[in-house]
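S.K.: The structure that follows is given in the form of C-alpha cells.
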Amino acid sequence: MVTGGIDAGREGGALVTGSVRSCQEHAIPHEVLTATETGRRFPGHRLVRGMVAVYQADAGFVSAERSVVAHASAALARGAEIHGRERVLQWRATRGRWDLELFRLGRPARAAPARRQR
C-alpha cells in the first residue's frame, strides 16, 4: 500500500545519508526537506533545527497476509506442495520430516521453515 514515507534525522547523519544513497542507487524518486519545509508540508512532523527529512512519495508497506498468500499462490502455480498445521520434526537441505510424512526434495529448499516455539 502506497502511503508515502519520511526518513528524518540529523543532517549529514548516517540515517539520512544512507536513505539518500539508497534512493540514488536504486533510482527512487525522493526529496530532501529542511525542518521548516517538512513542518509546512506535513504538519504532524515537527523536526528540530539541524534535522532534515528524506521524503519518498512512492513509499509504503506490504500487508503480511497478502504477501504470504501471493507467495503461496505463486509456489502452487509452479507445482509446490504446501503442508500447513504440521510440525517440522527434522530439516536438511535435501530432506524434511513432518508429522505425517517424510519428504525427499528434488533440489534444496530456498527457504527454511519457521523456528519451533519453545
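Values in this text are rule-based calculations from the coordinates and carry no lab data. This structure is a prediction, so every number in the text was calculated from the model and none was measured. In this analysis, Cβ positions are derived from the backbone assuming ideal geometry, glycine residues included, and neighbour counts consider all displayed protein chains.
S.K.: Which members of segment 1-18 meet the condition of being under 14 Å from Ala57 (Cβ atoms) and surrounded by 14 or more Cβ atoms within 10 Å (Cβ to Cβ)?
M.R.: Start the filter on segment 1-18 by keeping residues that are under 14 Å from Ala57 (Cβ atoms), which leaves 1-7.
If the condition is that a residue be under 14 Å from Ala57 (Cβ atoms) and surrounded by 14 or more Cβ atoms within 10 Å (Cβ to Cβ), then Gly5, Ile6, Asp7 are the ones that fit.
S.K.: Suppose we keep only residues that are charged (D, E, K, R) and part of a helix (DSSP H, G or I) within segment 39-70. Which one would you say is farthest from Val2 (Cα to Cα)? Reasoning before the result, please.
M.R.: Start the filter on segment 39-70 by keeping residues that are charged (D, E, K, R), which leaves 40-41, 46, 49, 58, 65-66.
Next, only the ones that are part of a helix (DSSP H, G or I) stay: 40-41, 65-66.
Numbers: Arg40: 21, Arg41: 18, Glu65: 16, Arg66: 14 Å.
The extreme case among them is Arg40.
S.K.: Something else about it: Note down all Cβ pairs under 9 Å where the first residue falls in segment 74-91 and is free of Cβ contacts under 8 Å to residues at least 24 places away in the same chain, the second is small (Gly, Ala, Ser) and in a loop (DSSP other than H, G, I, E, B), and they're at least six residues apart or on different chains.
M.R.: Ala74/Ala80; Trp91/Ala109; Trp91/Ala112
S.K.: So which residues in segment 42-79 are surrounded by fewer than 10 Cβ atoms within 10 Å (Cβ to Cβ) and either closer than 21 Å to Pro29 by Cα or of a type in the set (A, V, I, L, M, F, W, C) (or both), if there are any at all? Explain how you work it out, then say what you get.
M.R.: Within segment 42-79, the subset surrounded by fewer than 10 Cβ atoms within 10 Å (Cβ to Cβ) is 43-44, 48-49, 61-62, 64-65, 77-79.
Selection gives Val48, Phe61, Val62, Ala64, Ala77.
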